[in-house]
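Working notes, structure below.
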Amino acid sequence: MKNILKTIAITLLIATTSCDTEYLDPNSTLEPDVVNNTDNLVRLINGVQQRWSTERTGLIYTSTHISGLNTDELRLLNPGNLGENEILLGGDDVSGSNELLINMWTNALLTRKEATTVIDAADDVSESTSVSGSLKAYGLFYRALAHGTLIQYFESIPLEIVENAEFIERSAVLENVISDLNEAKNYIDAGLDASITADIFTSVDIENSVNALLARFNLMAGNYDAAITAANNVDLSVKSTWEYDASIPNPLAFWFGSQNVTQAKDLTFGLPTELLPDEDDERIPFYITAEDLEAEIPNYQVVGFWSDNTDEIPVYLPGEISLIKAEAYARNNDLANAVAELNTVLTKTSTTDIYGLGANLPEYDGTMEQSAILDEIYRNRRVELYLTGLSLEDSRRFDRPGATETDAERNRDYYPYPNSERDNNTNTPANPSS
């Protein structure tokens, strides 16, 4: 990773790595010298990327573990990890004092604040519309990512950076996310300035990532035609990743490697009996292994993108883009196109995927009925997108049995609001019942 020392220096001006509930007021003002020139805003963008993608407090770790423990993707090795244990137990065992929820909430809102700082300061640090537009594109991308991630775990969230901000319901949040991404796309389409992109971490391909998130969040919002359009704009031959090195390790690889927190639960990917993955699916050994798979109780281990501390984690997967199109077509009742996109995922091989992820299975041969095709899409999302933090959202969107239903496939539908927010915002809503 480049500019590590500069990024750490600027990050120290604006944040702390403590997970205390007094972490840092997401409504506070940044140090004035952070926003007085282009170089500092670029460093702030790099700091936002590090906040998001590194450490046990970051959103990569918290979103993966909250969704993974909720939907049976992961098992807990040591119940002494109290935050993870509460998430695994679910239901009333999860409270607003849960460490993972506080870390997710705090770091998402800090990401939002820092991204908004970049957006608001961009016009003041340069007279070049190309420079200011480039800064805004990155800021809008990260703000959309923060809001879009949070709304997958909480029923509503605040969008304004003010004291006692009002909480906004899900559909309006997704509308705001999509608006930010469309604005970012406009700046990108106008051309990014090389003086900005040269000093920003290059592993995240901003153009394709914005289009991928537009596809993702339009799908969540039920804007199926827009989701298809955005997905078609993603170049599936281009990688976009969170990058790591020896000094800043892949947080999932680091903690899976500790053998003290979590590991893969089994080979079911959290799916019910009637939707279990095909035993010949080559994505299974890509993601999960065991020293002795024939043992009575195999000690399953996560591999995939998390077996080494320097492994890169994709911002999105090519398979997600195809499955977004498949689902959007299916929900529009365009079943022929839905199956065509589904088949691109089923038949994809390790040699035709930029990350080496392929099912290498036959084409879909089920009934041409919407419900059956959606079931197959759901099965493939859970396998293809293992540990991407999307499993809880998918479980709800596909109307799988909820936390209070018979044969529940998730242990909570949404989460209580962190006490760190409730203690400082009188507009914090009542917690959801499940």
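The values are calculated or read from the model by the stated rules, or taken from the named source; none is laboratory data. No experiment lies behind these values; they were computed from the predicted model shown. Quick reminder, even Gly has a Cβ in these numbers, built from the backbone with ideal geometry, and neighbours come from all protein chains shown. Side chains are part of the model used for accessible areas, which takes the heavy atoms of the whole protein and leaves out ligands, DNA and RNA. Shrake-Rupley method; radii C 1.70, N 1.55, O 1.52, S 1.80 Å.
Quick one: which of K185/K239; K113/K136; K136/K239; K136/K185; K265/K325 span more than 20 angstrom between C-alpha atoms?
Exceeds cut-off: K136/K239; K265/K325.
Label points 7 Å out from Cα along the Cβ direction at E296 and D189: separation in nm?
For the pair E296/D189, the computed spacing is 6.3 nm.
Quick check: the angle from helix 38-53's long axis to the longest principal axis of the chain, C-alpha only, nearest 10 degrees?
30
With the crude spin-label approximation of a point 7 Å out along Cα→Cβ, what separation in nm comes out for N182 versus S434?
A separation of 3.6 nm, rounded to one decimal place.
Give the aspartates and glutamates reachable from K348 as a straight Cα distance under 17 Å; neighbours fewer than 8 places away on the same chain don't count.
D235, D278, E279, D280, D281, E282, E320, E363, D365, E376, E384
As a test of reading the structure, rank F167, F256 by solvent-accessible area (1.4 Å probe, protein chains only), most first.
In descending accessible area the options line up as F167, F256.
Show the residues, 5+ positions off or on another chain, whose built amide H is closer than 5 Å to the amide H of L74.
It is L69, K265, by chain and number.
How big is the gap, in Å, between the Cα center of region 352-370 and the Cα center of region 142-194?
32
Show me the ranking of peptides 389-401, 61-73 by mean Cβ neighbours inside 10 Å, starting with the highest.
Averaged packing, sorted descending, gives the order 61-73, 389-401.
Could you order peptides 132-145, 170-183, 409-422 by the average number of other Cβ atoms within 10 Å of their residues, highest first?
Ranking, from highest mean packing down: 132-145, 409-422, 170-183.
Hey, rough spin-label estimate for F398 and M368, points 7 angstrom out along Cα→Cβ, what's it come to in nanometres?
Going by the 7 Å Cα→Cβ label model, 2.3 nm.
For Kirkwood radius over Cα pairs in Å, pick the label among (i) 25.9; (ii) 23.4; (iii) 22.1 that corresponds to the value derived from the coordinates.
Of the listed options (i) 25.9; (ii) 23.4; (iii) 22.1, (iii) comes from this structure.
Determine the share of region 224-364's accessible area contributed by carbon and sulfur atoms, expressed in whole percent, with a 1.4 angstrom probe.
46
Please compute the net charge surrounding D235, taking Lys and Arg as +1 and Asp and Glu as -1 over other residues with Cβ under 15 Å from its Cβ.
Computed value for this residue: -2.
Ignoring ligands, DNA and RNA, what percent of the accessible area of region 172-219 is carbon or sulfur (1.4 Å)?
Taking all protein chains in place, region 172-219 shows 41 percent carbon and sulfur surface.
Heavy atoms only, probe 1.4 Å: what % of the accessible area of region 79-123 goes to carbon and sulfur, would you let me know?
So the carbon and sulfur contribution to the accessible surface is 48 percent.
How much accessible area per residue does region 279-434 have, counting only protein heavy atoms and a probe of 1.4 Å, in square angstrom?
43
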